[in-house]
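One structure is given here, and the rest of the page talks about it.
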Amino acid sequence: MKKMICAATVVASAMAFHLPAQTSVTSEDWGKVSEGQAVKLFTLKDAELTVHITTFGARIASIEAPDKNGKRADVVLGYRDVQSYEADKSTYFGAIVGRYGNRIAKGTYSIDGQTFHAPLNNNGNMLHGGTVGFDHKVWTEKQIPGGVEMTLVSADGDMGFPGELTAHVRYSLKGSALQIEYSATTTKPTVVNLTNHSYFNLGGESHGTILDEVVMLPASRYTPIDAGLIPTGELATVQGTPFDFRKPTAIGERIDTPNEQLKLAGGYDHNFVLDSTSGMHLAAKVVDPSSGRTLTVTTTEPGVQFYSGNFLDGTATGASGVKYEKHFGFCLETQHFPDSPNEPKFPSTVLRPGQTLHSTTVFTFGVQK
């Protein structure tokens, strides 16, 4: 696999086991970050998919999936070594972002009358946890049946967030489905919004733009944004707008429509309010007409951030040596809503001592011939 050929820093581990479902889990050393912490790479493999996950940022580094002809390709954007991930401060390829994924206006919010401030790192706002978020931490790992559990302890006051937060993210593979289970506890009231920031390209990570890929989002409302990409607080209808993906629509079909919301974000970078919120529910379906690959996303979360890779600009050179240009990947970040700590009408993201956050998202791949 091209992405993971990293040379002498990669030392294969003898750890491997097989389950009745034929899922194998192996681990290998994957070099060190600049501060000297060792990083591991896990491979989850069965008859359908091969998934690579690294302890640096608890990231999905690659997902190899077959197309309609059985040809396999990596369908997420990323790099071939940990040094490239560490050097990248802006894309969050494949990472678990937190303590608060997405944006908090001016990095400021209150809990129980006390005001807190997180570092500003995005147009005067906080994005994905601040200047050093969970995406740039080395997580501890534990092999589990069919997967790996990543754990991170975020200290009280880390990036201005109160309480010592212990976060667990469990990746498990079964057939064509990659399941991500999140849990977290805290020692003080805090805010938490964990999600995975993978960029998908169902044609393959070196394929080109994703504008021809067809998306369905079961969302009758979305949260409009201001010039800083912060929600205005409105839950607006998608009816009659370029944000109506209730019927399958190509990403590029309306992306250049004269629309103030699309202009502000340079495309789609908006939270969609899912119509169903009970149990595991549908968040998105995507089909790539050229390869036939499909992606179905189910979740327990109330929203999904649909991002069309607007800020990719050719700066990042990916695993296959291809420069990732604008719209070369899309994200479907299952989540609570952006800036929820400042919007009382949005679902709460406050976590208190004695409570445990639980969230699950499943990415299921298939083919449509």
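If R₀ is 35 angstrom, what is the calculated FRET efficiency for the pair Arg352 and Ala47, using the beta carbon separation as r and rounding to 0.05?
Plugging the Cβ-Cβ distance into 1/(1 + (r/R0)^6) gives 0.20.
Using the charge dipole of segment 92-367 (Lys, Arg: +1 at Cβ; Asp, Glu: -1 at Cβ; taken about the Cα centre), state which of Pro145, Val367, Phe134 has its Cα farthest towards the positive end.
Pro145
Calculate the spin-label point distance for Arg254 paired with Phe311, positioning each point 7 Å from the Cα along the beta-carbon direction, and give it in nanometres.
In this crude spin-label approximation the distance works out to 2.5 nm.
Report ³J(HN,Hα) in whole Hz for each residue of segment 248-259, in order, from the Karplus equation J = 6.51 cos²θ - 1.76 cosθ + 1.60 where θ = phi - 60°; Gly and Pro get x.
So the J values, rounded to whole Hz, are x, 9, 4, 4, x, 4, 10, 5, 9, 4, x, 8.
What's the magnitude of the charge dipole for segment 92-367 around its Cα centre, counting Lys and Arg as +1 and Asp and Glu as -1 at the beta-carbon? Answer in Debye, nearest 20.
Here the size comes out at about 320 debye.
Given a cut-off of under 8 Å on Cα pairs at least six residues apart, what relative contact order in percent is computed for the chain?
RCO, the chain: 17 percent.
Which part of segment 346-369 falls in the paramagnetic zone of Asn69, meaning amide N under 19 Å from the point 7 Å along Cα-to-beta-carbon?
Backbone N within reach: 366-369.
May I ask you to list the lysines whose Cα is less than 22 Å away from that of Lys137, ignoring any residue fewer than eight positions away on the same chain?
Partners found: Lys3, Lys32, Lys40, Lys89, Lys188.
With a 10 Å Cβ neighbour count serving as the proxy for reagent exposure, in which order, fewest first, do Tyr92, Tyr307, Tyr85 appear?
Ranking Tyr92, Tyr307, Tyr85 by Cβ neighbours within 10 Å, fewest first, gives Tyr307, Tyr85, Tyr92.
Select from segment 85-161 those trypsin sites (Lys or Arg not before Pro) which occupy a DSSP coil region and have at most 16 other Cβ atoms within 10 Å, ordered by residue number.
Lys89
Taking neighbour counts of Cβ atoms within 10 Å as a proxy for exposure, in what order, fewest first, do Leu152, Leu235 appear?
Fewest-to-most Cβ neighbours within 10 Å comes out as Leu235, Leu152.
Can you tell me the alpha carbon radius of gyration of segment 222-359 divided by the globular rule-of-thumb value 2.2 N^0.38 Å?
1.14
Whole-Hz ³J(HN,Hα) for each residue in segment 167-172, computed from phi via Karplus 6.51 cos²θ - 1.76 cosθ + 1.60 with θ = phi - 60°, x for glycine and proline: what do you get?
Going residue by residue, I get 10, 10, 10, 10, 9, 9 Hz, with x marking Gly and Pro.
At 0.36 nm per residue, and after removing the present C-alpha to C-alpha distance, how many nm does the segment from Lys247 to Ser24 gain when stretched out fully?
76.5 nm
Report the calculated FRET efficiency for Ser220 and Lys142 (r = Cβ-Cβ distance, R0 = 45 Å), to the nearest 0.05.
So, using R0 = 45 Å, E works out to roughly 0.65.
Can you tell me which of 245-253, 161-169 comes out highest on packing, and rank the rest after it, using the mean Cβ neighbours within 10 Å?
Ranked by mean Cβ neighbours within 10 Å, highest first: 161-169, 245-253.
Can you work out the base-10 log of I(q)/I(0) for the chain at q = 0.07 1/Å, using the Debye formula on its C-alpha atoms alone?
Each listed q maps to, in turn, -0.27.
Return the inverse of the average 1/r over all pairs of distinct C-alpha atoms in segment 251-328, which is the Kirkwood hydrodynamic radius, in Å to one decimal.
14.6 Å is the Kirkwood radius here.
Quick one: order Glu260, Glu333 by neighbouring beta-carbon count within 10 Å, fewest to most.
Glu260, Glu333
So the label point goes 7 Å from the Cα of Leu120 along Cα→C-beta, right? Which residues of segment 157-173 then have their backbone N under 18 Å from it?
Correct set: 159-161.
Quick one: which residues, 5 or more positions from Glu213 or on another chain, have an amide H under 5 Å from its amide H? H modelled 1.01 Å from N in the peptide plane, none for Pro or chain starts.
Ile251, Gly252
Where a number appears in this text, it was derived from the coordinates with a stated rule and is not lab data. Bear in mind the structure is a predicted one, so any value in this text is a computation, not a measurement. Cβ atoms come from the backbone with ideal geometry, glycine included; neighbour counts cover every protein chain shown.
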